[in-house]
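For reference, the structure is listed below as structure tokens.
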Amino acid sequence: MSRIGKKPVQMPQGVTAEISGQTVSVKGAKGALAFNFTKDVTVEVTDDGIVVTPRDESKRSRSQWGMTRTMISNLLTGVTDGFEKKLDINGVGYRAQVQGSNLQLALGFSHDVSYAIPDGIQIQCPKPTEVVINGIDKQKVGQVAAEIRSFRPPEPYKGKGIKYSDETIFRKEGKKK
């Protein structure tokens, strides 16, 4: 039994959910999202919230049970609160700034890196060494953060590069004489 899947997803105030076929559509204050679930589970809206149940006792349907419940929970969190990722930039001369619909990154290359901000994502730079990514789709926010981090991942000797704010870099000791 899935401990996560057994719990119904609570519906926050001001959020409407609609199930049509294999799609769950959610509308809230920040926008609308949809998720296509597999035929291995059934999803229904009840008084308790959104309930996900497996169709049978196969391994696949039991594994899809908890995942589907978590995806629906992420939809509801996204349309009410949204998701946020923070990136820190470490290095001499490394900086970031938003120019229109692009994020300009100076990362020690001979040229600045320009990253086009995708639709549904907001990026702010409160400091030149900090990037804050906001959006309602958890997957998209994480993907944008990973793409920005991939331009200059942190290196283990001096810690220079782009890292998540909650990430710790395992530092290596340099050469000894």
**OP:** Name, by its number, the condition in (1) at pLDDT below 95; (2) under 26 Å from residue 135 (Cβ atoms); (3) crowded, with 18+ Cβ neighbours inside 10 Å; (4) hydrophobic (A, V, I, L, M, F, W, C) that does not hold for residue 65.
**Re:** (2)
Subject >> Selection count, region 13-23, where residues are loosely packed, with under 14 Cβ neighbours inside 10 Å and in contact (Cβ under 8 Å) with a residue 60 or more places away in the chain >> reply: 1
Subject >> Members of region 101-147 that are under 12 Å from residue 87 (Cα atoms) and acidic (Asp, Glu) >> reply: 130, 147
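Residue-by-condition table, conditions (1) more than 14 Å from residue 147 (Cα to Cα); (2) at pLDDT 95 or above; (3) surrounded by 13 or more Cβ atoms within 10 Å (Cβ to Cβ):
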residue	(1), (2), (3)
101	yes, no, no
104	no, yes, yes
116	no, yes, no
119	yes, no, no
131	no, yes, yes
Original post:
When you look at residue 59, is it charged (D, E, K, R) and either assigned by TED's automatic domain parsing to the domain that holds residue 139 or under 22 Å from residue 83 (Cβ atoms) (or both), yes or no?
Top reply: no
Subject >> Residues of region 134-150 satisfying the condition of being surrounded by 15 or more Cβ atoms within 10 Å (Cβ to Cβ), of a type outside the set (Lys, Arg) and within 14 Å of residue 89 (Cα to Cα) >> reply: 145, 148
Original post:
Looking at this structure, is residue 59 under 30 Å from residue 128 (Cβ atoms) and not acidic (Asp, Glu)?
Top reply: no
Subject >> Only one of 123, 89 that is assigned to a strand (DSSP E or B) and either under 25 Å from residue 29 (Cα atoms) or more than 21 Å from the chain's Cα centre (by Cα) (or both) >> reply: 123
Original post:
Any idea which of 52, 26 is more than 30 Å from residue 115 (Cα to Cα) and touching a helix residue (DSSP H, G or I) at 6+ places or on another chain (Cβ under 6 Å)?
Top reply: 52
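The values are calculated or read from the model by the stated rules, or taken from the named source; none is laboratory data. What you see is a predicted model; the values in this text were computed from it and never measured. All Cβ positions, even for glycine, are placed from backbone atoms using ideal geometry, and neighbour counts span all protein chains on display.
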